[in-house]
Structure formats: structure tokens, C-alpha cells
Amino acid sequence: MLMISSPPVQFKPSFSSNYKPLTAFATLGEISINKKYFLQKYEREQNGNMENTKRRRLLVFLVSTGLFPTLPSTAKTKIKNPYDEKRLLEQNKRRQRDNNAPDDFPSFVREGFEVKVVASDNYVKRDNGLIYRDFEVGTGDVPKSGQQVTFHYIGYNESGRRIDSSYQQGSPAKIRMGTNALVPGFEEGLKDMKPGGKRRIIIPPELGPPVGPSTFFSSKQFEVFDVELLVVKDCTRRTIAFYSDVVCD
């Protein structure tokens, strides 16, 4: 049998393609284009970083020199709530009742180191912060520097608790005025009293006693004293031989 060999049939595509043929290796032209692209991208990134650095330096300069207005910080600002003050006032009143504080005793609203004194209109406040109320005015002359005063007193803290009393000690206190022997606020409230007078003195921390283990006070706070001035006497110094003292008649 004769076999006729025919050339192989070749199929040609019936459509045209716009895609470039894939090559295993990039040409020199493609390498040049890619290199140029990456160089331009790197330059743009560097320019952007330099621009951001310049902006940050300019902002720091404006803020440090005060030319750029800064916003006020509100993170540490505490808005006082009137209900908190009412709650603190009720707590103070409750402690005073538990301590059997006297009538018309002032109240203290304490928030940290800030203290607000709440008292009736019968109290008088001086420019130095001293607050007092006269229950009885008394008669006679007010004590002068160098004179001796005899008085009874009861001391309270902000909670209305008694911290000291000459009545419990069984005898009144005696001291000479102007010798720095009294708490500044106590002498301030005593120096314009008259014998027989009764006064309540509210002493602020600035005029109060020192703080320490040797005193009644462990922290700076207001102190309240009920004072009854009994007697005011003149004093003279006498000298006998090598002995010298002060005698009050």
C-alpha cells in the first residue's frame, strides 16, 4: 500500500494580540526605565521626609517662641460639682453631731488642701483670714502688750471634736500679751476682747499652731476656740539681788 505523506497542518490564529511576548530576561531598555522609576520614587520619598522635618522644626520654633497659639490643656482641669460640695458639707455636719459640737458651730467643706468655711452671718471675717463671733462683749479695757490675761478656753478641730479645754484642767490659763507665747490667731482674737467677754475664734492655718508630733495638730487645718476672758492685769518687773521676775497685780 502506498502511503502519501503530507506536510503537517499549521493552525494560524484568527485574531491579533496587542500584548508583547514574554521574555525570560529584561532588555537593557527595560532595566533603564525601571531604574529611572525607582530613582524618582526614592527622590520623592526623600523630599517628602525633608519637607516633614522642616515643618516639625518650624512648628517647634513657633511654639517655643510663643508665635503659635497653643490650646489650653484641660486634662488636669477639675470642674467642681455643686452636689459634691453639698455632700461634703453634710458629711462634716454629721461628724460634728457625732462629736457633740456646740450650737452654731461653723462647717468646713474640704477638698484636698482647699477648705471653705460655712458660717452664719453672726460671724465677722478680718482681712488676715481670722473669723470670730462675740456671744458676750464684756466691759472694761482690752488687754495691752505686756499685760497678763486670765481666760478659759475650749479648742475644737474641723469635725467639732474637742482637742483641749482649760475647764477640764480645772484652772484657767494665764499668759502675758505680746510675748509670742500664744498661737498668732489666738492672740489676734483675744487682744480686742474685754473682761467678761465670750468669743468663738476660727483660726485659719496661716495663723494657726505649728504642725508636728509635739502638738495637737497633725495637719494644717482650721481650729476653733471658744474663749472666755476673765481678768486683765498690769505687770511690772522686779529685781532682787541677782533674781529678776515679772509680777502681775
**Message:** I need a count of the residues in region 149-162 that are out of contact with any Phe, Trp or Tyr (no Cβ under 6 Å at 6 or more places or on another chain), buried (at least 18 other Cβ atoms within 10 Å of the Cβ) and not hydroxyl-bearing (Ser, Thr, Tyr).
**Reply:** 4
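Go through region 163-178 and count every residue that is touching a residue at least 24 places away in the same chain (Cβ under 8 Å) and either of a type in the set (Val, Ile, Thr) or surrounded by fewer than 17 Cβ atoms within 10 Å (Cβ to Cβ) (or both). So that I can check it myself, show each step before the final result.
Step one: filter region 163-178 for residues touching a residue at least 24 places away in the same chain (Cβ under 8 Å), giving 163-164, 172, 174-178.
Then drop every residue that is not either of a type in the set (Val, Ile, Thr) or surrounded by fewer than 17 Cβ atoms within 10 Å (Cβ to Cβ) (or both), which leaves 163-164, 172, 174-175, 178.
Residues in region 163-178 being touching a residue at least 24 places away in the same chain (Cβ under 8 Å) and either of a type in the set (Val, Ile, Thr) or surrounded by fewer than 17 Cβ atoms within 10 Å (Cβ to Cβ) (or both): 6 in total.
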**Message:** Filter region 136-148 down to the residues that are surrounded by 13 or more Cβ atoms within 10 Å (Cβ to Cβ) and under 26 Å from residue 101 (Cβ atoms) and list them by number.
**Reply:** 136, 138
**Request:** Considering every residue within region 123-131, establish whether at least one is open to solvent by 40 Å² or more (accessible area, probe 1.4 Å) and either in contact with a helix residue (DSSP H, G or I) (Cβ under 9 Å, 6 or more places away or on another chain) or touching a residue at least 40 places away in the same chain (Cβ under 8 Å) (or both).
**Result:** yes
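The values are calculated or read from the model by the stated rules, or taken from the named source; none is laboratory data. This is a predicted model, so every value here is computed, not measured. Here Cβ is always computed from backbone atoms with ideal geometry, including for glycine, and neighbour counts include all displayed protein chains. Surface areas here come from the heavy atoms of the whole protein model, side chains and all, with no ligands, DNA or RNA. Shrake-Rupley method; radii C 1.70, N 1.55, O 1.52, S 1.80 Å.
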